[in-house]
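A.B. asks: Let me begin by handing over the structure; questions about it come next.
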Amino acid sequence: MAKKENNSTNPLANLDEDTQRKIQELQMLEQSFQQLLMQKNAFSMEANETDYIIAEVGKTEGEVSRIIGNQVMIKSTKEAVLEDMKKKKKLIDTRMKSIDEQEKIFSEKIESIRDEVMKAIQG
């Protein structure tokens, strides 16, 4: 059994090694979860922008222009831009679905470890 030290500066010092390890794992999972949520937010904004482009290009008649990189603008057809944007939207939706699945797994794992830690702390 792990030695329990009486250390007033570290509230975790009185917990056994397994509980301390679980707390550290929980902290790492929560950091990874936050990064995942930031990714999800970025994809969500990109999805909204893509939907907006699809809607606006759909209203346009004739040729449209598109920006390539930050410096070049080229003329294109409405159909070509719509096709590209729909492909992009499909890819974003696939990524969002994957992130949603990962989010569910993270949430369940975090909740499980949090419950274990709380039981250990409460004795």
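The values are calculated or read from the model by the stated rules, or taken from the named source; none is laboratory data. Quick caveat, the model's predicted, so the values are computed rather than measured. Here Cβ is always computed from backbone atoms with ideal geometry, including for glycine, and neighbour counts include all displayed protein chains.
A.B. asks: Among the residues that make up the stretch 90-98, is at least one of them surrounded by fewer than 15 Cβ atoms within 10 Å (Cβ to Cβ) and closer than 30 Å to Arg21 by Cβ?
C.D. replies: The answer is yes; a qualifying residue exists.
A.B. asks: Mind checking which pairs have a first residue in the stretch 39-64 that is part of a strand (DSSP E or B) and a second that is loosely packed, with under 15 Cβ neighbours inside 10 Å, Cβ under 7 Å, 6 or more apart or different chains?
C.D. replies: From the stretch 39-64, the pairs are Glu63/Lys75; Glu63/Thr77.
A.B. asks: Among the residues of the stretch 47-67, are any aliphatic (A, V, I, L, M), under 30 Å from Gln31 (Cβ atoms) and surrounded by 11 or more Cβ atoms within 10 Å (Cβ to Cβ)? Before you say what the answer is, go through the steps one by one.
C.D. replies: Start the filter on the stretch 47-67 by keeping residues that are aliphatic (A, V, I, L, M), which leaves 47, 53-55, 57, 64, 67.
Subsequent filtering for residues that are under 30 Å from Gln31 (Cβ atoms) retains 47.
Narrowing the set further to residues that are surrounded by 11 or more Cβ atoms within 10 Å (Cβ to Cβ) leaves 47.
Yes - at least one qualifying residue is present in the stretch 47-67.
A.B. asks: Between Glu101, Glu108, which is at pLDDT 95 or above and either closer than 30 Å to Leu15 by Cβ or touching a Phe, Trp or Tyr at 6+ places or on another chain (Cβ under 9 Å) (or both)?
C.D. replies: The unique qualifying residue is Glu108.
A.B. asks: Lys86 fails exactly one of the following numbered conditions: (1) over 17 Å from Glu56 (Cβ atoms); (2) in a helix (DSSP H, G or I); (3) not acidic (Asp, Glu). What is the number of that condition?
C.D. replies: Result: Lys86 passes all but (1).
A.B. asks: Now, a different point. Could you list, ordered by first residue, the pairs with Cβ atoms under 6 Å in which the first is in the stretch 8-20 and under 19 Å from Ile113 (Cα atoms) and assigned to a loop (DSSP other than H, G, I, E, B) and the second is at pLDDT below 65 and not acidic (Asp, Glu), at least 6 apart or interchain?
C.D. replies: Once the first residue is under 19 Å from Ile113 (Cα atoms) and assigned to a loop (DSSP other than H, G, I, E, B) and sits in the stretch 8-20, its partners that are at pLDDT below 65 and not acidic (Asp, Glu) give Asp16/Ala2.
A.B. asks: For the stretch 65-79, give me each residue that is free of Cβ contacts under 8 Å to residues at least 12 places away in the same chain and part of a helix (DSSP H, G or I). Please lay out each step first, then the result.
C.D. replies: Taking the stretch 65-79 and keeping what is free of Cβ contacts under 8 Å to residues at least 12 places away in the same chain, we get 65, 67-74, 79.
The one that is free of Cβ contacts under 8 Å to residues at least 12 places away in the same chain and part of a helix (DSSP H, G or I): Glu79.
A.B. asks: Of all residues being without any contact (Cβ under 8 Å) to a residue 12 or more places away in the chain and within 14 Å of Leu37 (Cβ to Cβ) in the stretch 102-123, which is surrounded by the fewest Cβ atoms within 10 Å (Cβ to Cβ)? Just the residue, please. Quick ask: steps written out before the conclusion?
C.D. replies: Applying the first criterion (without any contact (Cβ under 8 Å) to a residue 12 or more places away in the chain) to the stretch 102-123 yields 104-105, 108, 111-112, 115, 118-119, 122-123.
Adding the requirement that they be within 14 Å of Leu37 (Cβ to Cβ) leaves 104-105.
On the way: Lys104: 10, Ile105: 12.
Among those that are without any contact (Cβ under 8 Å) to a residue 12 or more places away in the chain and within 14 Å of Leu37 (Cβ to Cβ), it is Lys104.
A.B. asks: Among the residues of the stretch 28-36, is there at least one that is touching a residue at least 40 places away in the same chain (Cβ under 8 Å) and either part of a loop (DSSP other than H, G, I, E, B) or more than 31 Å from the chain's Cα centre (by Cα) (or both)?
C.D. replies: no
A.B. asks: Does Leu36 fit the bill of being in contact with an Asp or Glu (Cβ under 7 Å, 6 or more places away or on another chain), surrounded by 12 or more Cβ atoms within 10 Å (Cβ to Cβ) and not basic (Lys, Arg)?
C.D. replies: yes
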